Amino acid sequence: MATFARPTFSAKNYAAFRPSYPASLFRTVLSYHYQQPHPHPQQLQQPQKPGGGGGGGGGGLLLDIGCGHGLIARALAPHFDAVVAIDPSEGMVAQAREMTRQSLSSPPAEGTSSISFRQGSAEDLGFLGDGAVDAAVAGQAAHWFDYARAWPELARVVRPGGTLAFWGYKDNVFVGAERATAVMERFVYGVGEVARVKVKQADGEEKEIPIEGMGGFWEQPGRSILRDLLRSVVPPERDWTDVTRLEHEPGEAVDGGGADEGRRGWLRRTMRLGEVERYTRTFSCYNGWKEAHPELKSREEGGDGDVVDVMWDRMLDAMPEWKAQGERWRDIEVVNDWGTHVLMARRR
């Protein structure tokens, strides 16, 4: 993914402001891998690690593809004998190593010392032997894969009976603040002019300029694949069986109660608006927009405001109750609901 190589991209900010994954998601993935009914949380707190990599109930090798800053690798390491985590971005791999090192400076979680990070991609897994992997996972990464090359590699390295799990999220909505959601949609996916603002020129005069939306700066086809909840990604039937999909569109009612609770709609967070503002600056489309408009600096950088500043101005205009808080608007708490997907399959 080219975004992570851009000079405007910050791996540190990405790690700090992206939402984390809930325990319920990891329980779903692990229970599928273990061939168990969806368990109670306490049932997976003390994983068993049978000797060797070919066991059917934990242990063995986990491959984390598109590992980013290593969140998934660290979370799932206690359930496997070893974890190999790969990412195409050198900066992301460095961030993952540093964050994992920091986690080990305190009393380490069981298994975290068995994680190794390296640059790599789903399309080239030549460093792994045939059938070496017990489980392959990808969080918020599988929409970038070149599947003409990735499927043969995954079929080669995942052992018979092993599993894969791809998951991701898209397009948060503000629950109960539909007007703000509509404004964000316009700025994030709009192409061409989405607003006009006045900026002060060197001579002190003000000039009205157009603000271009970020919609044209999403990398494609990855973003469209993600927005469609990975439905176009189909594991080849000759190699994979027991295909399972869990989907949630943002704003839909979430399954409630029982064993299925938390399997769909697994990313719902109460956040301060200031945190959401920081999160919007991690969008890949924003990094592309910044490269295209270096003359429009954010207010934090001492400028008159960039597209994110203007977007939040318009969101406050749309939500008078937020704007009434003045400079304290960033402390307002809102519930965010993301569209989510999980795709799981078992190697024949």
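Once the Cβ-Cβ distance of Gln119 and Arg196 is raised to the sixth power relative to R0 = 41 Å, the FRET efficiency obtained is 0.40. Protection proxy ranking, highest mean first, for peptides 205-213, 288-296: 288-296, 205-213, where packing is the per-residue count of other beta-carbon atoms within 10 Å, averaged. A simple charge model with +1 on the Cβ of Lys and Arg, -1 on the Cβ of Asp and Glu and nothing else charged puts the dipole of segment 73-232 at about 260 debye relative to its Cα centre. Can you list the aspartates and glutamates whose alpha carbon is less than 19 Å from that of Lys198, not counting same-chain residues fewer than 8 positions off? Leaving aside aspartates and glutamates fewer than 8 places away in the same chain, those within reach of Lys198 are Glu206, Glu208, Glu212, Glu295, Glu300, Glu301, Asp304, Asp306, Asp309, Asp313, Asp317. Between Asp331 and Arg299, the simple spin-label model (points 7 angstrom out along Cα→Cβ) gives 1.7 nm. Residue ranges 182-192, 277-287 sort as 277-287, 182-192 when ordered by packing (mean number of other C-beta atoms within 10 Å per residue, highest first). Calculated from the alpha-carbon coordinates, segment 76-171 shows an Rg and a Dmax of 14.0, 43 Å respectively. Under 5 Å between amide hydrogens, built in the peptide plane, is the criterion, and for Gly303 it picks out Ser298 among residues at least 5 positions away or on other chains.
A simple packing score, the average count of other Cβ atoms within 10 Å per residue, orders the peptides 197-203, 161-167 as 161-167, 197-203, with the highest score first. In this structure, the residue pairs whose Cα-Cα separation is over 22 Å, taken from Lys207/Lys290; Lys200/Lys290; Lys200/Lys297; Lys207/Lys323; Lys170/Lys323; Lys170/Lys297, are Lys207/Lys323; Lys170/Lys323; Lys170/Lys297.
Each reported figure results from applying straightforward, stated rules to the coordinates on display, with no laboratory input. As the structure is a computational prediction, the values presented were derived from the model and not from experiment. A quick note on method: Cβ atoms are made from the backbone with ideal geometry, for glycine too, and the neighbour counts reach across all protein chains shown.
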